[in-house]
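Taken together, the values in this text are just the output of simple stated rules run on the coordinates, not laboratory data. These numbers come from a predicted model, not from an experiment. Here the Cβ is made from the backbone with ideal geometry for all residues, glycine too, and neighbour counts use every protein chain on show.
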């Protein structure tokens, strides 16, 4: 007979204890019944009559979820899953070293999200924050405390440039080739002091009769001379100034010094000195031996073209321009051009000069006769023109019979400066006559 399960209630009055109670062990969770307790795989499960739950009821443990729009919690078979939901604008999920990780997205934090009281230097480390992630003016000076010595942060490349480290220069004597640094006030002062110091200091009077230049000098230090004297070949007058070219200038070498002569005597033909400038009248007179001509006063004594053509001016100089205007004639001397060979041959120009070379060529040409020879006759023409190209009618035409070698008489005319025309009563036979035309040179 099968055993019948009886549902009975045991009331311990809230004072008795169950000691060393062992729950039913199951290999699979049975159909749930309300209030049921079983041991499933070493975990205590209880049932609400609908399903079984592990003894650690996560749903009842999670009473309040802060930011429930950003965190999602799901429970399945008594297992709770918590999921972060990023906005992909400020926070994103990325794979880092093969694992999913949440991180701040580039440009995800703006200046409005960073406050002075919430950011400390411990939160900002080298290489972790770039200028691309921090908007302009987002970090104040109070937030940046770790800057290397003699380094400042700034932008020297324009409004769109990036911030960078800028070196503070402490020595302006160094070679500087780029606009990538700033200079400290102390360095500016030292540099200016060195330049001002290089301007020199008035050291006082100098007596050249001591025979040597000042000692222990600094570059650009200067003295004024109080007596007339000569020092190592340098003549000095009262009021002259000597300046040291370098530190510790030589007391014996004049090359280490600059001399400003302010009290020179009047200049002579033998001595350097001061001079006066000539007036217009003195320049035109050309008699003063102690006045100097300036470019302005020099123009007063330049002869005009008209004065150059005449022969009366004795106190003015002739410029190349005015000299070219004085041409030579039978009545006066002057400038003249050299005739060309063509001008010599033409014999018409009366204002140019014939050189011996061109005269020789012309004279020899007059002594040597030029001739042109050609056979004429074709059995048809009674008027035959022969072109000689001598460029003149001063020619002697002669006609010969080619068979008898006798001189033939016919009509002859120098029709142009380059042609002679022969006329016959009947046509000569082919090449019957030989025409010889000789050029005549005349003086």
**Q.** Cα-Cα P(r), the range 198-260, percent of pairs per 5 Å interval
**A.** 4, 22, 35, 26, 11, 1
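What FRET efficiency do you get for residue 156 and residue 371 if R0 is 60 Å and r is their Cβ-Cβ distance, rounded to the nearest 0.05?
Numbers: r = 95 Å, r/R0 = 1.58.
Once the sixth-power term is evaluated, E becomes 0.05.
Output the relative contact order of the range 198-260, whole-number percent, from Cα pairs under 8 angstrom with separation of 6+ residues.
Values: 146 pairs, mean separation 20.1, N = 63.
Value for the range 198-260: 32 percent.
Grab the Cα-Cα distance for residue 37 and residue 331, subtract it from 0.36 nm times how many residues apart they are, and report the gain in nm with one decimal.
Working: separation 294, 0.36 × 294 = 105.84 nm, distance 15.69 nm.
Taking 0.36 nm per residue and subtracting the Cα distance, the gain is 90.1 nm.
Once fully extended, how much extra length lies between residue 176 and residue 203, figured as 0.36 nm per residue of separation less the alpha-carbon to alpha-carbon distance? Don't skip to the end; give the middle numbers.
Working: separation 27, 0.36 × 27 = 9.72 nm, distance 3.50 nm.
That works out to 6.2 nm of additional length.
Quick check on the exposure proxy: order 348, 406 from fewest to most C-beta atoms within 10 angstrom.
348, 406
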**Q.** Inter-site label distance for residue 279 and residue 406 at 7 Å from Cα along Cβ, in nm
**A.** 10.1 nm
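What FRET efficiency, computed as 1/(1 + (r/R0)^6) with R0 = 22 Å and r the Cβ-Cβ distance, is obtained for residue 164 and residue 106, rounded to the nearest 0.05?
Details: r = 20 Å, r/R0 = 0.90.
The computed FRET efficiency comes out at 0.65.
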Q. How far apart, in nm, are the 7 Å Cα→Cβ label points at residue 228 and residue 72?
A. 11.4 nm
Q. Label residue 92 and residue 338 with points 7 Å out from Cα along Cα→Cβ: what is the distance between them in nm?
A. 9.2 nm
